[in-house]
Amino acid sequence: MEQTKVSSKVSSRSDRHGVPSGAGHNASPDLRTWLRKLSATDRLAVARSGVSLIDQLAAIGKRLEHTSAVLFPSPKGHSIPVVSNIFTNRGWVAESIGVHPNDLLTRFQDAVRNRLPWVEVESAPVQDVVHTSNIDLLKLLPIPKHNELDSGPYITAALLIARNPKTGVQNVSIHRCQVSGPDRIGVLILPRHTRHYFDMAEQAGQALEIALVIGVHPACILASQAIVAVDDDEMEIAGALLGHPVEMVKCRTNQVRVPAHAEIVIEGRILPRVREPEGPFGEFPQYYGPRANREVIQVDAITHRAKPIFHTITGGGMEHLVLGEIPREATMLEHLQRSFPSVRDVRLTRGGTCRYHLAVKMDKTNNGEPKNIIMGAFAGHYDLKQVVVVDMDVDIDDPNEIEWAVATRFQADRDLLVVSGALGSKLDPTTDNGIGAKMGLDATKPVEAEPMVFKRIHVRGEEDVDLVQCLSDDAEGVAAQILSG
Ligand code: MN
């Protein structure tokens, strides 16, 4: 696998966006680059035509979410193909940016620190076709309904790009987008960066110009989830991950710049002082986010490639979980290592919805330090509800290993830390509007323990025994002979 080389950081804000270039020359990798790779390596299943966009498409994707991406060449009523499961585990994500899975978090941290500004281009494949009148989202685009009780079709894999109304700096994030009408989208905007920009616009009585970008390289999607400051443009992190500045083009109906090699762009405005019902929608905790009055996007244009591909992510599915997991782990690892150099790796476990439960691997040299690490982790992100600290000989990718450490290296009266009444995730249904308890488990062995007491058993040769040499080619015959007696 080729390691992506990171270009050096472009220093000043004034020399960015200045390079004119025709679209298509030495372009940065796009969704198709990645899909071609999946197809060439037998990881892109292709559905028959006529799959229903309501439930059925998501059902097929869900069944294959641990094994392959799925391309739906012509879902029922549409000629535009849909793709889902473009990454099914962290290994695929690592591969998409050219690193070993063990280096994924450090590579992501490196990209956050050494960003690569994008460049603006004059023309772009994503504007090959432009619709500005008679917009009808469900007629123009194959937008699926995913989880059973979702309120209807949702655009789930779109990068929402917004501009700071005062400075023009861009923010990239992903929001669930309900199709509320032919040219109206209901959107959930949590109190983060898009919210900050929208509040600025709304207070001035103005709409916030935005674009929804569908069908980009996994690096762009991953970058959108980076936990960085407001006014840190995530597309620069995407550039660093790709080792190539992302080419951006100005929207046709507003000032937002969008990736030139995306598949589809929906241009629009989040309307001031307008709220309409949105939800329910199946979310990462494996429950439905409730229906409530939320912001509305007025769609002004849809642009796309001549033959676009629509990317969709099923809420709460593997793609959704993996996507949220990696940037959060990278941030948590950096946060912990600042205070605790003994911390070697972290994992937000699947069972903990890749948000609530953290496993920390440490090289322990001081008793008591795991409890400090637990407290540090809770301070690092309010979503965290449970932290388990384990030793270096525990594989934190394997939930059974973590449970084994708790079973054999943890005593509840001594190694358990509980903090009540702290802020947690509002999407955790056991909290009181987000207020809940934190639990930390020190499942590490004591520093002074006799080596044999906590020495893991092991069969010598297990890892590299040559089974082809050691096993008979006539298993059935030999077994029959012995069993006949
Ligand atoms: Mn941001």
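The values are calculated or read from the model by the stated rules, or taken from the named source; none is laboratory data. What you are looking at is a predicted structure, and each value in this text was computed from that prediction instead of being measured. Cβ placement follows ideal geometry from the backbone for every residue including glycine, while neighbour counts extend to all protein chains displayed. Remember, those area values only see protein heavy atoms, side chains included, never the ligands or the DNA or RNA. Shrake-Rupley method; radii C 1.70, N 1.55, O 1.52, S 1.80 Å.
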- By the gyration tensor of its Cα atoms, with a ≥ b ≥ c the square roots of the eigenvalues, what is the shape of region 425-485: rounded for a/c under 1.5, prolate for a/b over b/c, or oblate? oblate
- Taking a ≥ b ≥ c as the square roots of the Cα gyration tensor eigenvalues, with a/c under 1.5 meaning rounded and otherwise prolate when a/b beats b/c or oblate if not, region 175-316 comes out rounded
- Using only protein heavy atoms and a 1.4 Å probe, report how much of R294 is accessible, in Å² to the nearest 10. 30
- Task: Please give the helix 399-409 orientation as an angle from the longest Cα principal axis of the chain, in degrees from 0 to 90, rounded to the nearest 10.
- Result: 40
- Would you kindly give the portion of the calculated P(r) for region 234-362 that falls above 19 Å, as a percent of all Cα pairs? 69
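How big is the convex hull of the Cα atoms of region 147-186, per residue, in Å³? Intermediate results must be reported in sequence, preceding the final value.
Working: hull volume 3.0 nm³, N = 40.
Roughly 75 Å³ of hull volume per residue.
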- Task: Over the chain, average the accessible area per residue using a 1.4 Å probe and give it in Å², no decimals.
- Result: 46
- Item | Test item: Cα-centred dipole of the chain, Lys/Arg +1 and Asp/Glu -1 on Cβ, debye | 1500
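Mean 1/r over all different Cα pairs, inverted: what Kirkwood radius does region 296-414 give, in Å?
16.3
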- Förster radius 56 Å - calculated FRET efficiency between Q469 and S52 (Cβ-Cβ, nearest 0.05): 0.65
- Message: Give me the mean projected area, in nm² to one decimal, of the convex hull enclosing the Cα positions of region 116-202.
- Response: 7.9
- Task: Would you work out what percent of the accessible area of the chain, with all protein chains in place, is carbon or sulfur (probe 1.4 Å)?
- Result: 52
- Query: With each label point set 7 Å from Cα along the Cα-Cβ vector, what nm distance links R350 and Q411?
  - Reply: 3.4
- Message: Please compute, for the alpha-carbon atoms of region 349-443, the extent along each of the three principal axes and give them in descending order in Å.
- Response: 38, 25, 22
- Task: Using only Cα atoms, find the angle between the long axis of helix 318-339 and the longest principal axis of the chain, and express it within 0 to 90 degrees, rounded to the nearest 10.
- Result: 70
- Starting from 0 in steps of 20 Å, tell me what percent of the Cα-Cα pairs of the chain lands in each bin. 22, 52, 22, 4, 0
- Item | Modelled FRET efficiency - R0 22 Å, H458 with D397, Cβ distances, 0.05 increments | 0.70
- How large is ³J(HN,Hα) for each residue in region 272-278, as worked out from phi by the Karplus curve 6.51 cos²θ - 1.76 cosθ + 1.60 (θ = phi - 60°), to whole Hz, x for Gly and Pro? x, 6, 10, 9, 9, x, 9
- Cut-off 9 Å between beta-carbons: net charge of the residues surrounding G282, Lys and Arg +1, Asp and Glu -1: -3
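Quick one: grab the alpha carbon gyration tensor of region 69-219, order the square roots of its eigenvalues as a ≥ b ≥ c, and give me rounded if a/c is under 1.5, else prolate or oblate depending on whether a/b is larger than b/c.
oblate
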- Among the listed pairs K76/K426; K145/K385; K364/K385, those beyond 27 Å (Cα-Cα): K76/K426; K145/K385
- Cα-based helix-to-principal-axis angle, 193-203 vs the chain, degrees rounded to 10: 30
- Item | 17 Å cut-off, amide nitrogen to a point 7 angstrom out along L423 Cα→Cβ, residues in region 177-198 | 190-196
- Within the set of other residues whose C-beta is less than 12 Å from the C-beta of G368, count the net charge using Lys and Arg as +1 and Asp and Glu as -1. 0
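With the contact rule set at Cα under 8 Å and sequence spacing of 6 or more, what percent relative contact order holds for the chain? Before the final figure, lay out the partial values.
On the way: 1050 pairs, mean separation 69.4, N = 485.
Here the relative contact order equals 14 percent.
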